[in-house]
Every structure is written in structure tokens, then in C-alpha cells.
Amino acid sequence: MIIGLTGGIASGKDTVAVMFNDLGAKIIDADKIGNALINAGISGDNVPAKIVSFFGNDILNNSGRIDKKRLADIVFKDRKKLESLNSLTHPEIIKNIKKQIASQIASVVIINAPLIVEADAISIVDKLIVISASMENQIARLRARSSLAREEACKRINAQMPIKEKEKFADFIIDNNNELEETKKQVKKIWKELCI
Ligand code: ATP
């Protein structure tokens with residue numbers, strides 16, 4: 001069974017993925033795949049080369065690789081540019097996810113993917129879990145783990161599809177607004193249903 005795990009930024013996807021992993025699920029992390037893709041050296045017409053040709057050499061660091069912070073500063077200010085970046089990276093990320101799924105032997109595989117709804121990739125999963133967290137919790141958790149100003153944190157949250165919209169596609173919704181123990185209880189309940 002292939003399960004999609006999604007939600008907004010800092011909603012608790014990684015936290016919940018660890019809980020499912022502890023119960024025996026195999027986790028595929030779309031962000032890790034995306035980061036490896038962007039960190040790869042520029043060569044021929046690979047994805048990093050296409051990104052640089054679209055955004056210009058200013059996004060490169062001294063070692064000639066893409067500086068993710070510079071790229072993030074550009075795309076989170078401009079929705080159209082964020083969409084362009086996603087259209088360059090998503091097909092390759094989805095290809096990689098499908099390849100990893102094909103090689104799995106675990107009975108439950110969870111794809112931790114923040115943009116599964118936006119990328120129109122719901123069809124690759126059997127069930128979708130959406131992690132729900134209030135905007136105030138997202139802001140607080142985002143700021144607690146980074147140096148983002150409140151305004152910048154809001155900008156990043158608002159650049160994404162609202163969690164309420166994602167919930168419309170969900171088979172399961174996990175409310176991650178309270179103590180982690182409360183979240184774990186919901187995870188265990190869903191796990192039981194998935195394993196029946
Ligand atoms: P990203 O979108 O950046 O990948 P994410 O959705 O994976 O983030 P996490 O990294 O799991 O979110 O959580 C964001 C932060 O909030 C982490 O520091 C995590 O420890 C904390 N956190 C998650 N859930 C809770 C909770 N229920 N109570 C308190 N803190 C939490």
C-alpha cells in the first residue's frame with residue numbers, strides 16, 4: 001500500500017513520518033530527493049543546468065552549485081517563479097519516487113511529500129494523509145527552528161496551498177496542534193486501519 005503524507009510547511013510531516021517509521025512503514029522523502037537533485041553538479045541539460053538557465057548565474061555559489069537560500073529568496077517572493085521551479089523539478093522527483101516504490105518490499109510505503117497535491121501526483125498513492133496545523137502553530141514552529149522573521153514565515157506559508165484545501169483530498173487528517181502524544185495516538189489508529 002502506497003500512502004502519501006502531506007501538509008503545509010512546518011505542519012509536522014517529518015515528525016509524523018518518524019512515528020509511522022517506528023511502526024514499520026518504509027518512508028520515501030520527496031524533499032530529500034528534491035534537495036539531492038538541486039545539489040547535484042550542473043551538467044549537460046540536467047535539472048540544475050535548466051534551473052540556472054532559467055534563474056541566471058546569480059543563484060550559484062562560489063563552488064558553482066545552486067545556492068538554495070538565494071533560490072528560495074527569489075521563488076518565495078514570486079509565485080510564478082515558484083511554479084516555474086516546480087515545473088523543472090517535479091517530473092524528475094516523481095520519476096525518482098516511482099523508481100523507489102518499485103524497489104520496495106515493505107507492505108506500507110509512505111511518501112512524505114509536501115507538494116503531492118500541488119504536483120498533481122495524488123494518483124501515485126492509494127491513500128492520502130494530510131497533517132493539519134494552525135497557521136499560528138506553523139509560524140511558531142517554523143520560527144523556532146530557523147531565523148525567519150514572522151513576516152517571512154507568513155510569506156512562505158502563504159506561498160503554499162492552504163492546508164484546508166489539501167484536507168479536501170485527504171483519506172485521513174491528523175490534527176497536529178497539540179502534544180506529540182495526541183498526534184501519536186492518531187498515527188497508531190491510522191496504522192491499524194492501514195494494516196487490516
Ligand atoms: P517542513 O515543511 O519544513 O518539512 P515538516 O512539516 O516536516 O516541516 P516537522 O519538521 O515535523 O514539520 O515539524 C516542524 C517543527 O515543529 C519541528 O521542530 C518539530 O519538532 C516541531 N513539532 C512538530 N509537531 C509538533 C507538536 N505537536 N508539538 C510541538 N512541536 C512540534
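For every other residue with a beta carbon closer than 12 angstrom to the beta carbon of Asn61, add +1 if it is Lys or Arg and -1 if Asp or Glu, then tell me the sum.
Numbers: positive: Arg65, Lys68, Lys69, Arg70; negative: Asp58, Asp67.
Net of charged neighbours comes to +2.
If you take the charge dipole of the range 2-194 about its Cα centre, with +1 on Lys and Arg Cβ and -1 on Asp and Glu Cβ, which of Asn178, Phe76, Ser53 is farthest toward its positive end?
Towards the positive end, the residue furthest out is Ser53.
How charged is the neighbourhood of Glu118? Take every other residue with its Cβ under 12 Å from the Cβ of Glu118, and add Lys/Arg as +1 and Asp/Glu as -1.
Numbers: positive: Arg79, Lys166; negative: Glu83, Asp120, Glu165.
Overall, the nearby charge balance is -1.
Ranked from the most accessible area to the least, with a 1.4 Å probe and all protein chains present, what is the order of Asp73, Asp58, Asp31? All intermediate terms of the calculation are to be shown ahead of the outcome.
Working: Asp73 50, Asp58 125, Asp31 80 Å².
Greatest to least solvent exposure: Asp58, Asp31, Asp73.
Sort out for me the Cα centre separation of the range 129-157 from the range 61-101, rounded to whole Å.
With the range 129-157 and the range 61-101 each reduced to a Cα centre, they are spaced 20 Å.
Determine the order of Cys154, Cys195 by accessible area, beginning with the largest, at a probe radius of 1.4 Å. List each step's numbers first, then the result.
On the way: Cys154 30, Cys195 75 Å².
So the residues, ranked largest to smallest area, are Cys195, Cys154.
Over 19 Å between C-alpha atoms is what I'm after, so list which of Lys99/Lys189; Lys32/Lys168; Lys127/Lys168; Lys26/Lys98 land there.
Numbers: Lys99/Lys189 29 Å; Lys32/Lys168 26 Å; Lys127/Lys168 13 Å; Lys26/Lys98 14 Å.
Going by Cα-Cα distance, Lys99/Lys189; Lys32/Lys168 fall outside the 19 Å limit.
Rounded to the nearest 20 Debye, what is the dipole magnitude of the chain about its Cα centre when Lys and Arg each give +1 and Asp and Glu each give -1 at the C-beta?
On the way: 30 positive and 25 negative charges, 38 e Å.
In total the dipole reaches around 180 debye.
What share of the DSSP beta bridges in the range 2-194 is antiparallel, in percent to the nearest 5? The partial results should precede the final answer.
Details: 1 of 18 bridges.
Within the range 2-194, antiparallel bridges account for around 5 percent of the total.
Summing -39500 (n - 2.57) over the DSSP H runs of n ≥ 4 in the chain and dividing by its residue number, what mean residue ellipticity at 222 nm do you reach, to the nearest 500 deg cm²/dmol? Mind dumping the intermediate values first?
Values: 9 runs with 102 residues, N = 196.
Helices in the chain give a 222 nm mean residue ellipticity of -16000 deg cm²/dmol.
Run the numbers on the chain and let me know its relative contact order in percent, using alpha-carbon pairs under 8 Å that are six or more apart.
Working: 255 pairs, mean separation 72.8, N = 196.
Rounded, it is 37 percent for the chain.
From the C-alpha gyration tensor of the range 2-194, pull out the three semi-axes of the equivalent ellipsoid (sqrt of 5λ each), sorted largest to smallest, in whole Å. Provide the component values of the computation, followed by the final result.
Numbers: eigenvalues 165, 89, 38 Å².
In descending order the semi-axes read 29, 21, 14 Å.
The values are calculated or read from the model by the stated rules, or taken from the named source; none is laboratory data. Just so it is clear, the structure is predicted and the values come from calculations on it, not from any experiment. No Cβ is skipped: glycine too gets one built from the backbone with ideal geometry, and neighbour counts run over all protein chains shown. The accessibility values were calculated without ligands, DNA or RNA, using every heavy atom of the protein model including side chains. Shrake-Rupley method; radii C 1.70, N 1.55, O 1.52, S 1.80 Å.
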